[in-house]
1. Working out 0.36 nm times the residue gap between E78 and D159, then minus their Cα-Cα distance, what length gain in nm do you get to one decimal?
2. What percent of all Cα-Cα pairs in the stretch 216-318 falls in each 10 Å bin, counting up from 0?
3. Tally Lys and Arg at +1 and Asp and Glu at -1 over the other residues with C-beta under 10 Å from the C-beta of M413: what net charge comes out?
4. Any idea how far apart T227 and V302 come out in nm if each label point goes 7 Å out from Cα toward Cβ?
5. Name every cysteine in the chain that ends up alone, with no second cysteine's Cβ under 4.7 Å, or say none.
6. What does the net charge come to around H48 if you take all other residues with beta carbon closer than 14 Å to its beta carbon, with K and R at +1 and D and E at -1?
7. Any idea what the relative contact order of the stretch 79-138 is, in percent, if you count C-alpha pairs under 8 Å spaced at least 6 apart?
8. Where the convex hull is taken over the Cα atoms of the stretch 277-330, what is its projected area averaged over directions, in nm²?
Amino acid sequence: MTHPEKHPLTIDGRDVANLRGDPITGDRYTSKDFMQAEWDHMWTRIWHVAGRTAELEEAGDYIVHDFMNESVFCVRQEDGSIKAFYNSCQHRGMRLVNDSAAADSFQCPYHGWVWGKDGVLAYAQDAHDFPQGNPCGKLTLKELRCATWGGFVWYTMDDSAPELLDFLSPMPEIYRNYPMDSAVRVFWMKIDLETNWKFATDNFSESYHTRTAHPQVPPWIDQDVDTARHEMYPNGHGRTVQPMRPSLSDRLPDGVPHPFDYILRQWDIDPDSYPDYETKAMQGWLDLKDAKRRLWRERGYVHYEKMDDEQITDSPHTVMFPNVTISFLPDNLIFFRTEPHATDPNKCTFDLWCMAFPVAGQTEVESIMAGPQPMREAQMEHRAFDNGRGVPEIEGQIVYQDMMLAEGQQRGMHSRGYTDAYLTGQETRVRFFHEILNDYLEGRR
């Protein structure tokens, strides 16, 4: 079995000696002043995901990303490049576009100014009537830096921010074997939640909650504390790498169909051929790697071609500072993102994008966050969570269970009884995230 070499930037994600010990206080989740500091010192300096490159196939295709009170749109140029602009007419500030679409130009709905795809003003009514001269061909929309990685379109509001690949480092190197550009977004939902945006980064930085919150997970992803790798990286990113095999500590009752049996049978392995549960979990996991290595090409799993033995069977759950999480599964990518409400620290939006790698002849895919989905690009649904009532499509799914807990935790953050988190070693990454955030807020980054 081949394992990837540990990246030289890797920091032990269970060693508290790598932390300063900054407290995680409740006001970080409830204070408008703290929320403003995040905007002033962090959100305006990091890279944001605007959308998928698949949304920008032709010149003039554009995507709109609204963030707090700001709005940015990214548009495909005639030469194939992508430009990002603030969504604000340079005449008197009117927003130019509201929803992602396609256009040869952008006309302001207020006074009719027309801007080209390249951001240059093409037409202004009564162009001769400007004391400072005709603005056409000279005035431009304010442009932002824009780049792509992983099939995602990114932008930053900071002209001096590091290059995208440097900001994401070392994730582009670690995940270079995944053909992320080819992944099809089969489920797409934006959900309004009554909680601070940081709940998700906290939640996805540990698996200590899984046995309690997600009892369906241990039968097919090993949740035993000492079987996972916990990794942190200097830029604030981190990941938990867990074997996709049954936990040896969590057993389903006798007679209950086992999900790992189904996975083994998919690859022509008889789960009943093993003498006991432990052998099926451990040797079956190795046999699964071997079967996938032998059969991937004839079965159309072309995305396995460059993936190593860990990547074709395991689950590296990855947080990219500050608010993007991607689960890299053998056949799926699950993208999670929380973004703050414009004015209320007790609210956020939660983006759930379930993506699948194309497999020849496959017309439906099984997403572990949204259930069975047709293999095609999905349309976005915007819902209020409403204690789960607003998202019946994902009821009972892992991410639904997380959101059911998030709003209760937010209420707890207002309590005078909460002063700091009391963490296990496997939750070291939670405090690490807050320390990196503090570095931004206090001018160390």
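Please treat every number below as a calculation from the coordinates, not as lab data. Predicted model only: the values in this text are computed from it and were never measured. Heads up, the Cβs are rebuilt from the backbone with ideal geometry, glycines too, and the neighbour counts pull from every protein chain shown.
1. The E78-D159 span can extend by a further 26.8 nm.
2. All Cα pairs considered, the percentages come to 14, 43, 31, 11, 1.
3. Local net charge: +2.
4. Taking the two extended label points, one gets 3.4 nm.
5. C74, C136, C146, C348, C354
6. Net charge around H48: -2.
7. 19 percent.
8. 4.8 nm²
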